[in-house]
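Participant: There's a structure below that I have some questions on.
The values are calculated or read from the model by the stated rules, or taken from the named source; none is laboratory data. Predicted model only: the values in this text are computed from it and were never measured. All Cβ positions, even for glycine, are placed from backbone atoms using ideal geometry, and neighbour counts span all protein chains on display. All accessible areas refer to the heavy atoms of the entire protein, side chains included, with ligands and DNA or RNA removed. Shrake-Rupley method; radii C 1.70, N 1.55, O 1.52, S 1.80 Å.
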Amino acid sequence: MTDMIVPSFDDATSTGRKLAIICSKGNLDMAYPGLILANAALGEGIEVHLFFTFWGFDMINKETMGKLKFSYLGNTAMHMPGHFGMSMPQGMAGLPGMTAVTTKMMKKQIADLDVPEVPEFLDLLHGSGAKMWACRMSADMMHLEKEHLYEGVEDIISATDFIELTDGAQLLFI
Amino acid sequence: MPTTTIAGRQIDVDAEGFLTKPEQWDEELAQTLAANIGITLTDAHWVPIHFLRKDFETQKETATLRRVSTVGGIPVKDLFALFPGKPAKKMSYIAGLQKPKGCV
């Protein structure tokens, strides 16, 4: 008889693993990497802190979090779906209405994978125990208070506060 | 693929210990699987486990945490409370399924 094979579900908190993600972009395509990685880390029992700063504020501003946009202006990797290597003409990205079209396209592709929109994704992270923090300087620049931000945001804190509370964490800047 | 003896039965598992043949699972086995990872099953635990089993029948893959929440109607917060630390993996292990492959 062999020994019983049992998966090891050692709690990451016991190993002290911690992840800090700085979200500094407000484009639809740049919102997702942080959200997806945060979700993956939470599912592994890792303590996760997200710090929203500058354009990343659009991800947690109640006015904008459901309306992030995608433009491929300046992104030479953009191709028609399924046509790899065939770049979209950059000039077209600047045409009126093009951002609305590309945003709609990207939102559909994300929804097709059953990945939630940004506000629902924040709910998922909040429910999974993520700690979300808003940048003090960004809030002051944009004249925003806590009540303007997603309910799950813990507080508006300084960069120093964030560095302190993520002592020993692995860090991602997005 | 290795086999292991769980509750006096020969069970097919992968290298980590997740069941590879969902049909070898029953509720009695689930009790032992749960005990293996330090969980005592209550009525609240059975709701997501039954959902996973039922969902697997039609989807042929293990539901992600989000699917258990949105389709199964169990808040993510509750799942973290029932299966601390790594809810998606712990639930699928007890339900005799592979861990979920989806990213979200």
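Participant: At 0.36 nm per residue, minus the direct Cα-Cα distance, what do B:Thr70 and B:Glu16 gain on full extension? Give it in nm, one decimal, please.
Facilitator: Working: separation 54, 0.36 × 54 = 19.44 nm, distance 2.80 nm.
Full-extension gain reported as 16.6 nm.
Participant: Separate question: With θ set to phi - 60° and the Karplus curve 6.51 cos²θ - 1.76 cosθ + 1.60, what are the ³J(HN,Hα) couplings of the stretch A:135-146 in order, to the nearest whole Hz, using x for Gly and Pro?
Facilitator: Couplings: 7, 4, 5, 5, 4, 5, 4, 9, 6, 10, 10, 4 Hz.
Participant: Return one whole number: the accessible area per residue of chain B in Å², for a 1.4 Å probe. Walk me through the numbers on the way to the answer.
Facilitator: Values: 4850 Å² over 104 residues.
The answer is 47 Å² per residue.
Participant: Taking θ = phi - 60°, what integer Hz values does the Karplus form 6.51 cos²θ - 1.76 cosθ + 1.60 yield along the stretch A:39-48, in sequence order, with x for Gly and Pro?
Facilitator: In residue order, the calculated couplings are 4, 5, 5, 4, x, 9, x, 8, 5, 10 Hz.
Participant: Which residues, if any, in the stretch A:111-127 have at least 30 Å² less accessible area in the whole protein complex than in the isolated chain, probe 1.4 Å?
Facilitator: Residues passing the criterion (a loss of at least 30 Å², heavy atoms only) are A:Asp114, A:Glu120, A:Leu124, A:Gly127.
Participant: Moving on to the next point. How much area per residue is accessible in the stretch A:43-155 when the probe is 1.4 Å and only protein heavy atoms are counted (Å²)?
Facilitator: 54 Å²
Participant: If you don't mind, there's one more thing I want to ask. Just counting partner chain Cβ atoms within 10 Å, what average do the residues of peptide B:64-72 show around their Cβ?
Facilitator: On the way: counts 3, 6, 10, 1, 0, 4, 4, 1, 0.
Average per residue, whole number: 3.
Participant: May I ask you to list the aspartates and glutamates whose Cα is less than 14 Å away from that of A:Lys107, ignoring any residue fewer than eight positions away on the same chain?
Facilitator: List returned: A:Asp29, A:Glu117, A:Glu120.
Participant: So for each of B:57-63, B:96-102 I average, over its residues, the number of other beta carbons within 10 Å; can you give me the resulting order with the highest mean first?
Facilitator: Details: B:57-63: 13.9, B:96-102: 18.3.
Listed from highest to lowest mean packing, they are B:96-102, B:57-63.
Participant: In addition: Would you mind giving the three semi-axes, in whole Å and largest first, of the ellipsoid equivalent to the protein assembly as shown according to its Cα gyration tensor? Present the calculation step by step, with values, prior to reporting the outcome.
Facilitator: Details: eigenvalues 305, 112, 51 Å².
Taking √(5λ) for each eigenvalue gives 39, 24, 16 Å, largest first.
Participant: A follow-up question, please. Could I have the simple spin-label model distance between A:Ala40 and A:Thr15, label points 7 Å from Cα toward Cβ, reported in nm to one decimal?
Facilitator: 1.5 nm
Participant: For chain A, find the longest principal axis of its Cα atoms and tell me its angle to the long axis of helix A:118-127, 0 to 90°, nearest 10.
Facilitator: 0 degrees
Participant: Given the pairs A:Lys67/B:Lys101; A:Lys131/B:Lys99; A:Lys108/B:Lys60; B:Lys60/B:Lys101, which span a C-alpha to C-alpha distance of over 20 angstrom in this model? Mind showing how you got there, number by number?
Facilitator: Numbers: A:Lys67/B:Lys101 29 Å; A:Lys131/B:Lys99 25 Å; A:Lys108/B:Lys60 24 Å; B:Lys60/B:Lys101 12 Å.
Flagged as over cut-off: A:Lys67/B:Lys101; A:Lys131/B:Lys99; A:Lys108/B:Lys60.
Participant: Per DSSP H run of n ≥ 4, the term is -39500 (n - 2.57); total these for chain A, divide by its residue number, and report the mean residue ellipticity at 222 nm rounded to 500 deg cm²/dmol. Could the numbers behind the result be given before it?
Facilitator: On the way: 7 runs with 63 residues, N = 174.
Mean residue ellipticity, 222 nm, calculated: -10000 deg cm²/dmol.
Participant: Related question: To test your reading of the geometry: what angle, between 0 and 90 degrees and rounded to tens, separates the Cα axis of helix B:27-36 from the longest principal axis of chain B?
Facilitator: So the helix axis and the longest Cα principal axis differ by about 90 degrees.
Participant: Average partner chain C-beta neighbours within 10 Å, per residue of B:7-17? Walk me through the numbers on the way to the answer.
Facilitator: Working: counts 1, 0, 0, 2, 2, 0, 4, 2, 2, 4, 6.
Mean shielding by partner chains, rounded to a whole number: 2.
Participant: Please list, ordered by chain and number, the residues whose modelled amide H lies under 5 Å from the amide H of A:Ile5; skip anything fewer than 5 residues away on the same chain.
Facilitator: Those qualifying (amide H under 5 Å, at least 5 residues apart or on another chain) are B:Thr5.
Participant: Convert each backbone phi in the stretch B:66-76 into a coupling constant with the Karplus relation 6.51 cos²θ - 1.76 cosθ + 1.60 (shift: θ = phi - 60°), then list the ³J(HN,Hα) values in order as whole Hz, x for Gly and Pro.
Facilitator: 5, 5, 4, 6, 6, 8, x, x, 10, x, 4
Participant: Amide H neighbours of A:Leu172 under 5 Å, counting only residues 5+ apart in sequence or on other chains, H built in-plane at 1.01 Å?
Facilitator: A:Ala20, A:Ile21, A:Ile22
Participant: Could you rank B:Val68, A:Val101 by how accessible they are, 1.4 Å probe, largest area first? Mind dumping the intermediate values first?
Facilitator: Numbers: B:Val68 0, A:Val101 75 Å².
Most to least solvent-accessible, the answer reads A:Val101, B:Val68.
Participant: So how tilted is helix B:43-59 from the main axis of chain B? Cα-based, degrees 0 to 90, rounded to 10.
Facilitator: Helix B:43-59 sits at roughly 80 degrees to that axis.
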